[in-house]
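Report on the following structure.
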Amino acid sequence: MVLLLGFLAVVLVGTLAGLVALWPSAEDAVEDVQYAAEGVTFVDAEVLRVEDACPVIAVGPGLPEPEGGADQAFPENCNTLVARLSEGPEEGDETRVQTEASVVRSGLRAGDEVVLMRVPPVEGQPETVYGFSHPHRDAPLLAMTIVFVVVVAVIARLRGILALLGLGFAAVVLWGFMIPGLLAGESGIGVAVVGSIVIMYVVLYLAHGPSLRTSAALAGTLLGITVTALLGVWAVGAARLSGMSDENGEFLQLYADQLNFKALLSAGIIIAGLGVLNDVTITQASAVWELRSAAPDMTRREIFSRGMRIGRDHIASTIYTIVFAYAGTALGVLLLLSLYDRPIADVLSSDMLSEEVVRTLASAIGLVASVPITTAIAAATVAPPGAPPAAGKRALRGRGGSDVPPA
């Protein structure tokens, strides 16, 4: 117990020192980037009518001849919508706006509220021009957020509410420290590790209470973060990944050229695995405490062995979670790549997929490694075997198991 708490204290001091050293100064802050040209504003409007989507006319080697020929004209007003302006100098006027086929096919209909981009008259363009920006999604997003909070609060009760508070704290650290630090050119790995440790210290103790059991889970989480970070750095270098596999990297290079994109990719690997890592470690620590409560005479070796049986089941289900979560978010990319006439090995070696494979595998390996680490720490710090029931109850409470009933 002394070694565990001493380790956590040393890590906390080092993390706070890193937080101070890596905190971005005002001089290092990147200037805000102008989102639109000068004079361009965004106004609300109500959709009155949505026209049909334009047909897809694909012409190229190996593609079938489009029905109607390659030179056919698009239907009039396709990929457009008519909207009434709800604000701005032309409030109440109707305007026809060009948009994308994806917007037309998204289910947009008359009565929906949208945001239009207003481009004022300039030299060579005597009239005001409106462009489509996006639909108003405030209502469904707010509704989903409220449902999420209510479901968590009703089912998980106080612990769920505390977890939501921890989630809010994590968002503050991410937005207030990690993102500004990365944009300022600080060490990507340093910012990710320090920010992740700060988050884990707060969310674990906030959601699960200050106890020896939580401390064991926290220690396992910290070591799991270390494994993930080391593996991520090595894998990014060994796979010769640039961290710039999509257009977001290109834009960032234009506006924040001091970024180290390889370090940014490694930082993303660390952050991506935090949630699942936290889930596994707290479950393993809780399993060990429950085993001790159910079997006070069980040796530490037996507790570790039985705890690992639980951990192996948890590993199997969590690995599925990681892989399927990626498959769901990248389903469109996977569909596109499956159409290419290339061997699967070449497809997997592409920059876009290689980054995701490395991110997934590094997080998964860190997750798997954290199971025996956390189980061993918990088995070494749980109450010793052979204590009588009353003493066992006191021992469990003294070791952070206040909510674990005596055997």
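Bear in mind these aren't lab numbers, they're just calculated from the coordinates by the rules spelled out. Source: prediction; values computed, not measured. Please note: Cβ atoms are built from the backbone with ideal geometry, for glycine as well, and neighbour counts cover all protein chains shown.
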Tell me the net charge near M298. Cut-off is 12 Å between Cβ atoms, M298 excluded, with +1 for each Lys or Arg and -1 for each Asp or Glu. +1
If the chain between A295 and L331 were fully stretched, how many nm would it gain, using 0.36 nm times the residue separation less the Cα-Cα distance? 8.3 nm
Starting from the Cα gyration tensor of segment 81-126, take the square roots of the eigenvalues, sort them a ≥ b ≥ c, and report rounded, prolate or oblate (rounded when a/c is under 1.5, otherwise prolate if a/b is larger than b/c, else oblate). oblate
What residue among I310, I179, I155 shows peak mean-square fluctuation when the chain is described by a Gaussian network model with Cα springs under 10 Å? I155
Label of the coordinate-derived value, Rg and Dmax of the Cα atoms in Å, listed as [x] 25.9, 96; [y] 19.6, 57; [z] 27.4, 90: [z]
So what is the calculated 222 nm ellipticity per residue for the chain, using -39500 (n - 2.57) for each DSSP H run with n of 4 or more, over all residues, to the nearest 500 deg cm²/dmol? -20000 deg cm²/dmol
Taking a label point 7 Å from the Cα of Y320 along Cα-to-Cβ, the residues of segment 341-362 whose backbone nitrogen sits under 20 Å from it are 360-361
For S242, S133, S266, order by how many other beta-carbon atoms lie within 10 Å, fewest first: S242, S133, S266
Give me the net charge for the shell around S317: Cβ to Cβ below 15 angstrom, other residues only, Lys and Arg +1, Asp and Glu -1. 0
Contour minus end-to-end for L5 and R157, with contour as 0.36 nm per residue of separation and end-to-end as the Cα-Cα distance? 51.8 nm
Can you compute 3J(HN,Hα) from phi for each residue in segment 129-135, using the Karplus curve 6.51 cos²θ - 1.76 cosθ + 1.60 with θ = phi - 60°, rounded to whole Hz and x for Gly and Pro? 10, 10, x, 7, 9, 5, x
Contour minus Cα-Cα distance for T128 and S305 (0.36 nm per residue): 56.5 nm
Zone reached by a paramagnetic label modelled 7 Å from L12 Cα along Cα→Cβ, restricted to segment 201-227 with backbone N below 17 Å, covers 201-223
Residue order, fewest to most beta carbons within 10 Å, for S338, S286, S187: S338, S187, S286
Test of understanding: in a Gaussian network model of the chain with alpha carbons linked when under 10 Å, which of T321, T145, T221 would top the mean-square fluctuation ranking? T145
For segment 192-205, take each phi angle, set θ = phi - 60°, evaluate the Karplus expression 6.51 cos²θ - 1.76 cosθ + 1.60, and give the result in whole Hz per residue in order, putting x for glycine and proline. 5, 5, 4, x, 5, 5, 4, 4, 5, 4, 6, 5, 5, 5
Per residue, the convex hull enclosing the alpha carbons of segment 234-357 has a volume in Å³ of 150
What is the fewest-to-most order of T329, T283, T214, T374 by other Cβ atoms lying within 10 Å of their Cβ? T329, T283, T214, T374
